[in-house]
Amino acid sequence: MMQIGEVIRKFRKEQKLTQEEIADFLGVSATAVNKWEKGQNFPDILLLAPLARFLKTDVDTLLSFHGNLTDLEIKRVLQEMPGEIEKCGYEAAFEKYKNMVREYPNCVTLMFAVAQMMNFYLPLQENLGTEKYEKQITAWFEAVAESGEPVLAGTAVGIVCNKAISAGDYVKAEALAEKIPPLSLDRRILQANICKARGEYEKACALYEGMLYQSAGTAVTNIMQMMTLKCREGNKQEAQYLCGILDDLVDKLELSSYLKANARLEMAADFKDRDGVLEAVDQMIRELTETKTRESFLYQNLTADQPDERKNMLKLLGPLLEQDESFDFIRNEPKFGQYLQKIKEIAEA
């Protein structure tokens, strides 16, 4: 659980305040605020209420009276978020989960989960000023990056780094990249070795399956990025070659064919290939509406995607096709419009 100094520092960073600004508001010295944050001293009890108001929180939160949510509770929050965004709208859902993060300021996992989900849905919002939401989401990721959670902190640093790259702030991006430690041994390897030594082969296999699935996803993502670069260079032959490798990899590693269609959609859009776009969209719709559960040999112990998860992906596909400028060249194509309508009808069913 955070000490009060850590809580003060966290909320001060979120509000983009300096120690001097807090000191001026409370009528104390900046040195005093600095000592609070370092845990060398504590604010007078009479200052807690005005300090909490200035930091836009409450005294209970400052004193860390709220603990952490369990992993199961956080999972439930994540499961409900897409539906909440759809039902109440992004703005109302954002405020709801922002208040939840404030209620549990010590729960880094919740903060990261909310930041990720809101970051994912933000680009899909039309007629909504995104600047204030982007600012808060970045503040959450930055807070996670400074937390003591090694895995989440490293991931958050990567996200903030990519945001800096998108903003053209390459100096900040390079500084953030330097903070990411070299890859260390995955603890799952040791856990699998322990299970194997104990004769717990099913548990060991499940761990290896998880690592394989993660590595397979990383490999596909890397090839996809290489293909994207070739598309930007206008090198269609090499882009097609990489796309073919991606197809083979997806098949051999028993991944979703949706990944193949997604890669072909991007390549077709970059090269203004109308037939390619239509074929890829058709395949993506078929993959996301497939009702038959596919059996996998490589990932026998992993949970398959649920219908609701595929439906949520379909809800995201529609706005992407409608709003992305790279599809402007095909927007007047009747078949393209039919696919958009079909996606909308399935998503709303």
Positive dipole terminus of the chain, leading residue within 217, 299, 43 (C-beta point charges): 43
Assigned charges on the beta-carbon of Lys, Arg, Asp, Glu; the chain dipole about Cα centre (debye): 520 debye
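Roughly how large, in nm² to one decimal, is the mean projection of the convex hull of the alpha-carbon atoms in the range 4-149?
9.0 nm²
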Additional length obtainable on full extension of the chain from residue 24 to residue 228, 0.36 nm per residue less Cα span: 68.3 nm
Global form of the range 4-63, assessed from the alpha-carbon gyration tensor, a/c cut-off 1.5: rounded
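To the nearest 0.05, what FRET efficiency results for residue 180 and residue 122 with a Förster distance of 25 Å applied to their C-beta separation?
Calculated transfer efficiency: 0.55.
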Net charge contributed by nearby residues that have their C-beta within less than 15 Å of residue 272 (K/R +1, D/E -1): -4
Partner lysines for residue 344 [C-alpha distance under 20 Å; skip if fewer than 8 residues away on the same chain]: 87, 311, 315, 335
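In percent, what relative contact order does the chain have, based on Cα pairs under 8 Å that are 6 or more apart in sequence?
About 9 percent, as a whole number.
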Relative contact order (%) - criterion: Cα under 8 Å, at least six apart; region: the range 4-63: 39 percent
Label-to-label distance, nm, for residues given as residue 275 and residue 235 (7 Å Cα→Cβ offset): 2.6 nm
Relative contact order of the range 71-178, defined on C-alpha pairs under 8 angstrom at six or more residues apart (%): 18 percent
Residue among 145, 176, 190 farthest towards the positive dipole end of the chain, charges placed on Cβ: 190
From the C-alpha gyration tensor of the range 71-178, square roots of 5λ in Å: 23, 18, 10
Environment charge of residue 123, counting only residues whose C-beta is closer than 14 Å and scoring Lys/Arg +1, Asp/Glu -1: -4
Full-stretch length increase - residue 257, residue 171 - with 0.36 nm per residue and alpha-carbon distance subtracted: 27.1 nm
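Since every read-out is calculated from the coordinates, none of them should be taken as a lab result. Everything quoted here is computed from the prediction, not taken from an experiment. Using ideal geometry, Cβ is built from the backbone for each residue, glycine included, and neighbour counts are taken over all protein chains shown.
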